[in-house]
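The values are calculated or read from the model by the stated rules, or taken from the named source; none is laboratory data. Just so it is clear, the model here is predicted, and its values are computed rather than measured. Note that each Cβ is placed from the backbone with ideal geometry, even for glycine, and that neighbours are counted across all protein chains shown.
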Amino acid sequence: MTRVDFYVTAQSGALARERLACRLAAKAVKLGHRLHIHLADEAALKRLDDLLWTFSDASFLAHDALGAHAAAPVTLATGGAPQPVPELLINLADDIPKFFSNFPRVAEIISADAATRELGRERFRFYRDRGYPLQHHELGH
């Protein structure tokens, strides 16, 4: 069964969520995992694509849009899941992707702003009510 981790940052806004997604992705790749990042729309995909090149002064994460380079450890998309399905799905959209249960793990990233927190609570209730194992991680910065 899919395990769902909620990562809650004390910072507000989309950039805070995107930076945290980059940090989680970097950690997963360093551990040898492949992952997919689901985004709400093309504008969000473009922002994250740019951020993955610049978020760290020391390196960048090899990534590409879904289907463009199957060898990339990180894929980005606004639609369906990659094949084969990687170990981790990072969800940066406000809704739950229909294909989430194909992944062994899902990371939901929540920022401090009220609207994002409320949407995160709705997603938490969805997963909880269906019996998915949940973990909650409060992050200071």
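In this structure, is ASP113 closer than 17 Å to ALA14 by Cα, of a type in the set (Asp, Glu), surrounded by fewer than 18 Cβ atoms within 10 Å (Cβ to Cβ) and over 16 Å from the mean Cα position of the chain (by Cα)?
Yes; evaluated as a whole, the condition is true for this residue.
So that you can scan it fast, the table gives a plain yes or no per residue for (1) in contact (Cβ under 8 Å) with a residue 60 or more places away in the chain; (2) β-branched (Val, Ile, Thr); (3) surrounded by 14 or more Cβ atoms within 10 Å (Cβ to Cβ):
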residue	(1), (2), (3)
HIS63	no, no, yes
LEU76	no, no, yes
PRO84	no, no, no
ASN91	no, no, yes
PRO97	no, no, yes
VAL106	yes, yes, yes
GLY120	yes, no, yes
ARG125	no, no, no
ARG130	no, no, no
Exercise for the section: Test PHE124 against the criterion of being within 16 Å of ARG3 (Cα to Cα), more than 13 Å from the chain's Cα centre (by Cα) and not aliphatic (A, V, I, L, M), and give yes or no. Expected result: yes
Completion exercise
Checked the stretch 3-15 for anything in contact with a strand residue (DSSP E or B) (Cβ under 8 Å, 6 or more places away or on another chain) and closer than 28 Å to ARG130 by Cβ; matches are ARG3, VAL4, ASP5, PHE6, TYR7, VAL8, THR9
Practice task
State the number of residues belonging to the stretch 72-94 that are of a type outside the set (Asp, Glu), closer than 23 Å to SER111 by Cα and part of a loop (DSSP other than H, G, I, E, B).
Solution key: 4
Practice task
Determine whether ASP95 is acidic (Asp, Glu) and over 11 Å from the mean Cα position of the chain (by Cα).
Solution key: yes
Handout entry: Tally of residues being in a loop (DSSP other than H, G, I, E, B), of a type outside the set (Asp, Glu) and at pLDDT 85 or above across the stretch 39-71
Key = 2
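Of the residues ALA72, ALA28, only one is touching a strand residue (DSSP E or B) at 6+ places or on another chain (Cβ under 6 Å) and free of Cβ contacts under 8 Å to residues at least 12 places away in the same chain; which? Before you say what the answer is, go through the steps one by one.
Working: ALA28 fails: free of Cβ contacts under 8 Å to residues at least 12 places away in the same chain.
Step by step, each of ALA72, ALA28 is checked, and only ALA72 is touching a strand residue (DSSP E or B) at 6+ places or on another chain (Cβ under 6 Å) and free of Cβ contacts under 8 Å to residues at least 12 places away in the same chain.
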Practice task
State all residues of the stretch 1-31 that are in contact with a Lys or Arg (Cβ under 7 Å, 6 or more places away or on another chain) and part of a helix (DSSP H, G or I); if no residue qualifies, say none.
Solution key: GLU18
Practice task
For the stretch 96-141, enumerate the residues that are under 16 Å from GLU18 (Cα atoms) and either touching a Cys at 6+ places or on another chain (Cβ under 6 Å) or part of a loop (DSSP other than H, G, I, E, B) (or both).
Solution key: SER111, ALA112, ASP113, GLY140, HIS141
